[in-house]
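**Student:** The structure is given below, and queries will be raised subsequently.
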């Protein structure tokens, strides 16, 4: 039996303990990722009412930005009241009210993991997690000797995974 190299032993040790450390992180990412798939549906969402007073006379064009609602489209306007999906805005008084469907608090926080920006502390967790996953990919090739049948099959499975993702990305 061949004696494993120091690099191989180190890769195995780091792979093992980093894997244990990231098991919880990966579980949260996996669960939140599965819920994130349903973000365009009402699955597990509840209605939340909002009310806000902004400047009077805001144009339909600037209303979404003033209320913090993306892609807001005014559907109709009657007697100084602008109606949009789920709510309305009184341009005479500046009062706006709307209903929005949101995930429960904990799921909302979990799915935010996937959408963190560089201005947020989660940004560092995302970079660390991505780099750790890349390390797992690389270090997994040190688990078996390159001359073994398992390693060669592993290479084919790896290529199969890459091809599957590329096909699904472009279909």
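**Student:** Would you check if there is a residue in the range 75-86 being closer than 26 Å to residue 122 by Cα and either at pLDDT below 90 or not assigned by TED's automatic domain parsing to the domain that holds residue 125 (or both)?
**Tutor:** no
**Student:** If the Cβ limit is 8 Å and pairs must be 6+ apart or interchain, which residue in the range 128-157 that is more than 14 Å from residue 19 (Cβ to Cβ) pairs with which residue that is not in a helix (DSSP H, G or I)?
**Tutor:** Sorted first by the residue in the range 128-157, then by its partner, the pairs are 145/2; 150/144; 151/144; 151/145; 154/144.
**Student:** If you don't mind, there's one more thing I want to ask. In the range 73-92, what count of residues is obtained for those that are surrounded by 12 or more Cβ atoms within 10 Å (Cβ to Cβ) and over 23 Å from residue 39 (Cβ atoms)?
**Tutor:** Start the filter on the range 73-92 by keeping residues that are surrounded by 12 or more Cβ atoms within 10 Å (Cβ to Cβ), which leaves 74, 77, 80-91.
From the residues that got through so far, the ones that are over 23 Å from residue 39 (Cβ atoms) too are 74, 77, 80-83, 88-91.
Going through the range 73-92 one residue at a time, the tally reaches 10.
**Student:** Still on this structure: Only one of (1) at pLDDT below 90; (2) over 28 Å from the mean Cα position of the chain (by Cα) is not met by residue 40, so which one is it?
**Tutor:** Evaluating residue 40 over (1) at pLDDT below 90; (2) over 28 Å from the mean Cα position of the chain (by Cα) leaves (2) as the failure.
The values are calculated or read from the model by the stated rules, or taken from the named source; none is laboratory data. Given the structure is predicted, the values throughout are model-derived calculations rather than measurements. Reconstructed Cβ throughout: ideal geometry from the backbone, glycine too, with neighbour counts over all protein chains shown.
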